[in-house]
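The values are calculated or read from the model by the stated rules, or taken from the named source; none is laboratory data. Predicted model, so just to flag it, every value in this text is computed and none were measured. We place every Cβ from the backbone using ideal geometry, glycine too, and count neighbours over all the protein chains shown.
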Amino acid sequence: MSNNASATTSVTTTPPRKSESGLPADLKSTPHAVGSAVVSEHIDTVGVDVSDVRPWIARDVKNFKRCGADEMLQQLLEMCAAPNQSLPPSQKSTLLDTSLEAVLPLCNGPGVAQKIKQHLTKFCNIESETPSYSDFVAAANHALRELGKVNIPGMPDFQDDDETNIVFHVNDPSFIHQKHQGEKSSRKPDVVVVSRQTAADIIPEGKSKNVYRSACKAPTKDHENFQWVDVRTTFEFKRPKPRLPHPPSAYTKDYVAPNVLYIEFMKETDASDSSTDSSSQSTDSSDQSTDSSDQSMDSSDRSTDSTSTTGAAQTSHSNSNEAHRLRSNKRGSDHLRSNEPSTNKRSRQDEDRSSEQEERRNKKKKKGSYKPHPVIQNGLYVAEMFAAHTARQHVISFIVNNDIIYLWWFDRQHAIQCAGINFVQDLPRFVVLLFIMQRMGYKQWGLHPLFEPKPGYKGEIIVEYEDDTNKDDRDNKGQDKTKRVDLTLDLRSEKRATHFGLRGRATTVFPVKSKALSALPRRSHFLNKTNKLVAKLFWPEEARQSEPEILEEVYKIAKDDLDVLGHVPEMVWFHKFEDTSTAIIRKALGIDDAGSRVLYIIVFKKLEPITTLSGKKFLLAWWEVVKCHRALWKRGVHHRDVSPNNLMGYRLRGRFISVLNDFDLSSMKDLLSSIQGGPRGFERTGTVPFMALDLLKPEAIAGRVEHVYRHDAESFVWVLTWICLRYKKGKLLRKRRPLDEWLTVDAMGCYEKKMGFLGMLSTMRPTRSHEGSFKVAFECLDVIIISLSPTAPVLTDDEVFKTLLQNHVPQNVREGNISLVN
């Protein structure tokens, strides 16, 4: 494990993205991420009900990769191989064949094999979905109990331990609950896999503790609910065909599926269409998934997820008329006098969160309920399993369609779907899969062995790594190069920021304590005196410039630029977990995929959100970040993700010092210019509700618009507007707050919402805490309206800074003399 830094060490350079990135060479920036990463940090506003997050989960899973069933089984066997039994390559490569031979007696013999067949036969005869769960679970558990006697060279021995030994369990209609930034989710997967101990724990007092008998029955209201932290995996069922072919009289290991089956779901065919998500296409592809049994899935997920490309394109072509209309509808900023009555009643904004949640749920009930496509349902369960753990590396889940079982592998890069396995006709492969699941340790299930050696671990962790500083000198002296950093994450803190979703950076932030890091010497140019620390865990793109490297360049600039000094985050230490790369599984499966992600942890000095400020203090803090951003841009560090969550600060001698935070989407001009044939941007270049209008159009979504300074400058205006309308006295309004809808639409939908907002600008009222700041925002928005005209002049970066931002900020704020600001 390398790439570590303390407050006094240098940062190892992460190699930049190469030109063979897999993206078209004519791109000027990378196309937007459009999945759950867009809304995760605002999940308390968006909500976690199925209808809330369905479009985002759909976008996360729709462009999955494929692999063969045998390839995945072989890789999982190798992944589970006992570390203390080193198999020669020739023996390792035949693990699947060896395993199939080993389980054949269990499939064809007397006793247990016949019981399994009986349950599979009953499963095939049942004509509806829900009653079939019991026999599926019974067959799987019979096989698991017998597999405890099976030993395969190179594989770990069976451990008869209630904490680690697994059992299949019917869950529907019981709910599993979890909280995400105050929002409570309730899901009911059909079947779950848990430990025997967990299965026993939910049985009511006084009832038989026979977990295998209990597992075949739906939990009653007397049972305890399962918790997501205890769920190893889930099975989502679909049963469109009433009767299925019975098991054969005998099984062989050489079964050949009549067709290679995959669940087809919303596949994209062209980058330019990436913004249009038509869920009505969410059905199995009949040309690729047909055999003698009907493999079609009922897709009740029929709504269109986003605004059509044509509509937004037409809007963009009428900018001249639109700019004229917006100008004519707009009044001067003098209409913002504090004594003017507000059109929004704000007397109830501080009502508790539960009433807001209840109101949202009631609206959804009026719309009626629907059952989403099983791929989306499966994705929701995976998101819950990711969220239940710290730094979970991957999740394995399953969809059962008739008698075909589809294994899905999810990590922060994207999903991989394994070709279907017919668990009735090809029982040996299903039993090998069960054998793998039985021998998987917590690490193989995706839990990070350091952060979570067992589910729900909350104790101290020790990160060990080799310090490469003055390597040659230490080698000569024979000193130990191993460094150790203690970390205690506060996983229950109300200040933590967790992630809900599947793909992307999946950033989580926790308060952390560390004796080793607290004892490190401070750099002279850091001004934040707090002793409190926070840990940021995230999954950046592996082949791009690392955030620690960019921050080191920022610190060099801060030493001789007062607009930057003190206005950037203080990185105390970081670590890159090399063995977590998402490229490892893809290389093993032979999946040709551009890009990969790897887990990082960075420890920073704690900061406070700028949204806690009001009035003149807020406006000054906002302006100081604007200046810091401009100074960095001129020196070649391009932030590219201006949002309220990235405007932070700390207090120094009673004054709030604002900070431009979060540089993991930033880029450096000198480095980018050296990349031949590659895009000038890396990931999505901003947070959708705060992105410039130009970056929300179809050509930008397709990656054909270069991200330039005026885009970030415009983002500062949207951030200023957002806070002025949604925060009062440092708190987010609980009721009747405007602009929530910007969080619930995709990029082009947000473009239309913003254009509509500009047309209604004269009706917008800020909170009383931000009336002065909104006058600045109002004048800045007027400049944006003027710039929509095709005849608007092209401005230099300095001209953009002055005309869009600086000219509208009161002089005493620009000079830092806020005592004169009213």
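Structure above, values below:
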| quantity | calculated |
| --- | --- |
| Candidates 120, 147, filtered to the one that is over 20 Å from residue 249 (Cα atoms), at pLDDT 95 or above, surrounded by 14 or more Cβ atoms within 10 Å (Cβ to Cβ) and not small (Gly, Ala, Ser) | 147 |
| Failed item in (1) closer than 30 Å to residue 668 by Cβ; (2) modelled with pLDDT of 85 or more, with residue 70 passing the rest | (1) |
| Checklist (1) closer than 14 Å to residue 170 by Cα; (2) surrounded by fewer than 19 Cβ atoms within 10 Å (Cβ to Cβ); (3) touching a residue at least 24 places away in the same chain (Cβ under 8 Å); (4) in contact with a strand residue (DSSP E or B) (Cβ under 8 Å, 6 or more places away or on another chain) applied to residue 184, failing item | (1) |
| In segment 787-814, the residues that are assigned to a helix (DSSP H, G or I), at pLDDT 95 or above and among the β-branched types (Val, Ile, Thr) | 800, 803 |
| Residue in segment 610-630 that is modelled with pLDDT of 95 or more, among the charged types (D, E, K, R) and out of contact with any strand residue (DSSP E or B) (no Cβ under 9 Å at 6 or more places or on another chain) present | yes |
| Criterion (without any contact (Cβ under 8 Å) to a residue 24 or more places away in the chain and under 35 Å from the mean Cα position of the chain (by Cα)) met by exactly one of 161, 172 | 161 |
| In segment 248-271, residue modelled with the lowest pLDDT [restricted to those that are among the aromatic types (Phe, Trp, Tyr) and more than 34 Å from the chain's Cα centre (by Cα)] | 255 |
| Whichever residue in segment 355-400 is of a type in the set (D, E, K, R) and modelled with pLDDT of 90 or more and, among such residues, is surrounded by the fewest Cβ atoms within 10 Å (Cβ to Cβ) | 392 |
| Yes/no for residue 237 being under 21 Å from residue 371 (Cβ atoms), in a loop (DSSP other than H, G, I, E, B) and not basic (Lys, Arg) | no |
| 2 or more residues over 19 Å from residue 723 (Cα atoms): qualifying strands (runs of 3 or more DSSP E) within segment 570-666 | 571-577, 599-605, 647-652 |
| When residues of segment 425-446 are limited to those that are surrounded by fewer than 23 Cβ atoms within 10 Å (Cβ to Cβ), in a loop (DSSP other than H, G, I, E, B) and on the phi < 0 side of the Ramachandran plot, the one farthest from the chain's Cα centre (by Cα) | 425 |
| Single match in 221, 217, 207 (criterion: in contact (Cβ under 8 Å) with a residue 24 or more places away in the chain, more than 21 Å from residue 438 (Cα to Cα) and either surrounded by 16 or more Cβ atoms within 10 Å (Cβ to Cβ) or basic (Lys, Arg) (or both)) | 217 |
| Residue in segment 187-204 that is surrounded by the most Cβ atoms within 10 Å (Cβ to Cβ), counting only those that are in a loop (DSSP other than H, G, I, E, B) and charged (D, E, K, R) | 190 |
